[in-house]
Each structure stands twice: as C-alpha cells, then as structure tokens.
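The values are calculated or read from the model by the stated rules, or taken from the named source; none is laboratory data. Only a predicted model underlies this, so the values are computations on that prediction, with no experimental measurement involved. Cβ coordinates were reconstructed from backbone atoms using ideal geometry, including for glycine residues, and neighbour counts include every protein chain displayed.
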Amino acid sequence: MPAVRAERLCPNAIFLPPDFPRYRAVSRQAREIFKRHTDLIEPLSLDEAYLDVSENKTGLPTATQVARDAVTLYYDAEYSDVILSCVVICSIVTL
C-alpha cells in the first residue's frame, strides 16, 4: 500500500523514513534464497517475486515443502525480517 494512502486511512500513524540500503540488502538475500530453489523467478518488487517451482533445484515434491524450506532459510539469514518473511510465504504460496 502506498504511504499516501496509508496516511489517509490512518492519519495518526507515525511514518519512519525508508532505509533503502537495508531494503536492497534484504531483497538481494531473499533472491539468493529463491535461486537455491529455481531459476524461474519473476521479480515483482524489492520484496516479492513469483517462483515456478514445478521443477525445483532441491527436488522437493511439493510447492508447500519448497515454501517451508525457503522460509526456514530466510529466518536463519542475517537480515531476518518478519514482514518480508510473510511476503515470501505469500509469494510462494500464490504459485
């Protein structure tokens, strides 16, 4: 959701300045995790992508198992971020 809309919907919210270097680092980290599972990645934004895991590199039999593995790798990563992890789950599940 754009910040302008969020501010209209919640005028008393406190907005923090963006940290684009951190966003890029986390995005890079998430994409490296995606690449461990498939080369078929369609980036949507800094923190979202669609993955085609029908023939994944890990040999896991279901997309659900691939999603669990990717999320586990992400939680173990240095820049772990709960919001991005939720987006990763949603992005993988929407396949």
Taking VAL26 as the residue in question, decide whether it is assigned to a loop (DSSP other than H, G, I, E, B), under 16 Å from the mean Cα position of the chain (by Cα) and of a type in the set (A, V, I, L, M).
no
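Applying the selection to the stretch 68-90, what residues are at pLDDT below 60, closer than 15 Å to GLU32 by Cβ and either under 10 Å from the mean Cα position of the chain (by Cα) or not in a loop (DSSP other than H, G, I, E, B) (or both)? Give the derivation first.
So in the stretch 68-90, the residues at pLDDT below 60 come out as 77-90.
Cutting the leftovers down to closer than 15 Å to GLU32 by Cβ gives us 77-81, 84-85, 88.
If the condition is that a residue be at pLDDT below 60, closer than 15 Å to GLU32 by Cβ and either under 10 Å from the mean Cα position of the chain (by Cα) or not in a loop (DSSP other than H, G, I, E, B) (or both), then ASP81, LEU84, SER85, VAL88 are the ones that fit.
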Would you mind telling me which numbered condition in (1) without any contact (Cβ under 8 Å) to a residue 12 or more places away in the chain; (2) closer than 30 Å to LEU60 by Cβ ASN12 fails?
(2)
Close pairs (9 angstrom Cβ cut-off, 6 or more residues apart or separate chains): in contact (Cβ under 8 Å) with a residue 40 or more places away in the chain in the stretch 30-44, of a type in the set (A, V, I, L, M) and not in a helix (DSSP H, G or I) anywhere
ALA30/LEU46; ALA30/ALA49; ALA30/ALA77; ILE33/ALA77
Output the number of residues of the stretch 44-67 satisfying the condition of being surrounded by 14 or more Cβ atoms within 10 Å (Cβ to Cβ) and either among the aliphatic types (A, V, I, L, M) or modelled with pLDDT under 80 (or both).
10
